[in-house]
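The values are calculated or read from the model by the stated rules, or taken from the named source; none is laboratory data. The structure presented is a predicted model; accordingly, all values stated were derived computationally and were not measured. Because the Cβ atoms are built from the backbone with ideal geometry, glycine has one as well, and the counts that use them run over all protein chains shown.
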Protein chains: 2
Amino acid sequence: MDKQTITIYDVAREANVSMATVSRVVNGNPNVKPATRQRVLKVIEELDYRPNAVARGLASKKTTTVGVIIPDVSNIFFASLARGIDDVATMYKYNIILANSDESGQKEVQVLNNLLAKQVDGLIYMGHTLSDDVRAKFSRSKTPVVLAGTIDPDEQVGSVNIDYKEASRFVVDKLVKDGNEKVAFISGSMDYSINRDYRLEGYKAALKENHLPYDESLIFATDYSYKAGESLWAKLTAIGATAAYVVDDELAVGVLNGMLDHGMSVPEDFQIITSNNTILTEMVRPKLTSISQPLYDMGAVAMRLLTKMMNKEEIEEKTILLPYDMIERNSTN
Amino acid sequence: MDKQTITIYDVAREANVSMATVSRVVNGNPNVKPATRQRVLKVIEELDYRPNAVARGLASKKTTTVGVIIPDVSNIFFASLARGIDDVATMYKYNIILANSDESGQKEVQVLNNLLAKQVDGLIYMGHTLSDDVRAKFSRSKTPVVLAGTIDPDEQVGSVNIDYKEASRFVVDKLVKDGNEKVAFISGSMDYSINRDYRLEGYKAALKENHLPYDESLIFATDYSYKAGESLWAKLTAIGATAAYVVDDELAVGVLNGMLDHGMSVPEDFQIITSNNTILTEMVRPKLTSISQPLYDMGAVAMRLLTKMMNKEEIEEKTILLPYDMIERNSTN
DNA sequence: AACAAAAATGCAAGCGTTTTTATGAAAATT
DNA sequence: AATTTTCATAAAAACGCTTGCATTTTTGTT
């Protein structure tokens, strides 16, 4: 029945003070005589009083809760971000409502409405792309929003990423300098701005720098899945590619195993650089060279940025780029 | 300032009805004349009214939110459970507050208090073990609790698992029948009831059935980490083990790669069966034979059970064991 | 047409806090 | 000693909704 029976009123009565005073001590308001504070604290202890956060939220219009929209928690990439988010959320006394969106525009809108109805103090959004519907809702709502690991070409809301274009240019350049003239670009959907406007542009830039022609047949836009990668070996060998830059680790492992299972050797016949440096890159043989994005940190920084926004602090720069790195392992020379 | 300005009162005024009526249409209460319902709905639409879930929670004492305590979201095992949980939560109109505990008793207690303060309607707990502190809090609180992928020897609260002992007995039996006389048992801490009371017991049972002696030096209790597994090869070969049952996939991959990197071949020289059938088992070469636990389903069923409890429905059996399976791949004969 | 029963609606009291405003007591000032 | 200022506390009004009960309207019955 009753989740909790003792209220601030009970405490007030027992301690011979008004509710207001109890509220003050609970909230650390300094305008309380030390003696009364002690008395109240003692009663709180005795009664095992726990303030009702819902009532508090209604009265104060703050829920100390932030909504987190994530494509899929069971995807290790996003889960790593989520972990960073939750850790700093906890640090700043916030809780997180986690909602899976499956990248579906419809589900995202629904989830967003739901989160706003719950009066979250802020929102963190993760996804491969930001639909117009969602972006419109963001700008209409007064709730602060930060994107984590997600590109918004408009830069209207806060965001935390690495410099995808530059990272991509960097690794493709390495592949080319190592003697590969036909480097494949293996990504997810080109509908995603991050793939189309950043990574692919970086790829092109590297080719251009090295005076290599851009060849469309070397571009593969597929699913972000292991299976999808596994089946790519045939096309890759047919076209004569000797290396690939892959934008997702599962996909990269698929490519790797597809090659291996069909008699190619890596890195001798085919070199691979992947993008997310998840634990997968360490678990396969040969281990995969990868761009390393500081996923946990990206989540953490995003949440930190959000706390500032919720706190109405002055923000110097709301579009944050964290440094990336390249971890060389055995899928490259 | 104002997250949302329009309230139920505004809608009532515009539609020329009382708040009560608006509330009724919002909540689908049938006692409303179709015509008025339409009118109210229209105004809701026009004003873009969205009921404040916090106020609702206070008035109705239901938050349609459940707390989920998870050791670490970025652990794929728990993340898979979490995904199942969230999906059925969404299905039943609940949201999830996700809280990482790092398996730390202190953090768990803190998180639990926090969740209860937020008036969650129910709780799902995941972890390797259930501390006495936490268990005590569970039984004192009126909030329904379900354990997912987590053993409670007491069976006081709801839980969803597979039959760990039987699954363990089954795979060890297979290993023995395949000719391995020295099968190692590689687990995490023996402080965890699941390892000590279930998996190890299953292991022992299999040995006994096959008239093999129980040898303590074949038991390895270590971390659940890739690194820990990687370094086990020396001890394993020294003791003459020719197979291992491993309770965690990352650990198993570590063992596998440790062996491979030191010249052993799998499954010829050493056979491995792991426990969680995560995508990792497919990504390594050779692929790993594994017990398969229906992780997503375990989460889903746990949440479904919780909805019943929150709904005060009659529960036939609150300790649920889901069927397990064994997926044979290339780390066994 | 009159009345009873049923359906639709309104009223108002919560829900458990925070927060503004008012008040009384103590301390400081003259 | 009178007066002002400060500090501590209390009283009470929100916050935006649900819900039990009372009231009004509609429907059905004779």
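Observations on the structure shown:
- Counting only helices (runs of 4 or more DSSP H) that sit wholly inside the range A:237-333, those with at least 3 residues that are within 17 Å of the chain's Cα centre (by Cα) are A:295-310.
- For the range A:23-50, filtered to residues that are assigned to a helix (DSSP H, G or I), under 40 Å from the mean Cα position of the chain (by Cα) and within 9 Å of DNA strand D (Cβ to nearest atom), the residue that is nearest to B:GLN119 (Cα to Cα) is A:SER23.
- Selection status of B:SER80, among the hydroxyl-bearing types (Ser, Thr, Tyr), more than 10 Å from DNA strand C (Cβ to nearest atom) and either in a helix (DSSP H, G or I) or not assigned by TED's automatic domain parsing to the domain that holds B:TYR224 (or both): yes
- Within the range B:128-147, restricting attention to residues that are away from every other protein chain (no Cβ under 14 Å) and not polar (S, T, N, Q), the residue that is nearest to B:MET310 (Cα to Cα) is B:VAL146.
- One residue stands out in the range B:161-192 among those that are of a type in the set (Gly, Ala, Ser) and touching a strand residue (DSSP E or B) at 6+ places or on another chain (Cβ under 8 Å): the one that is surrounded by the most Cβ atoms within 10 Å (Cβ to Cβ), namely B:SER168.
- None of B:ALA99, B:ALA53, B:ALA79 is within 9 Å of DNA strand D (Cβ to nearest atom), at the interface with chain A (Cβ under 9 Å from one of its Cβ atoms) and at pLDDT 95 or above except B:ALA53.
- Of all residues in the range B:112-127, those that are surrounded by fewer than 19 Cβ atoms within 10 Å (Cβ to Cβ) and more than 8 Å from chain A (Cβ to nearest Cβ) total 0.
- Test: residue in the range A:164-182 that is closer than 24 Å to A:GLY299 by Cα and under 17 Å from the mean Cα position of the chain (by Cα): yes
- Selected residue (criterion: surrounded by the most Cβ atoms within 10 Å (Cβ to Cβ)) from residues of the range A:1-22 that are away from DNA strand C (no atom under 12 Å from the Cβ) and not in a loop (DSSP other than H, G, I, E, B): A:ALA15
- Only one entry of B:GLY67, B:GLY57 meets the criterion of being touching a residue at least 12 places away in the same chain (Cβ under 8 Å), surrounded by 21 or more Cβ atoms within 10 Å (Cβ to Cβ) and part of a strand (DSSP E or B), and that entry is B:GLY67.
- Among the residues of the range A:250-304, those identified as of a type in the set (Lys, Arg) and within 12 Å of chain B (Cβ to nearest Cβ) are A:ARG285, A:LYS287.
- Of all the listed residues (B:THR90, B:THR63), the sole one being within 16 Å of DNA strand C (Cβ to nearest atom), β-branched (Val, Ile, Thr), within 23 Å of A:THR64 (Cα to Cα) and within 8 Å of another protein chain (Cβ to nearest Cβ) is B:THR63.
- Among the candidates B:LYS33, B:LYS42, residue that is more than 9 Å from chain A (Cβ to nearest Cβ) and either more than 10 Å from DNA strand C (Cβ to nearest atom) or modelled with pLDDT of 95 or more (or both): B:LYS42
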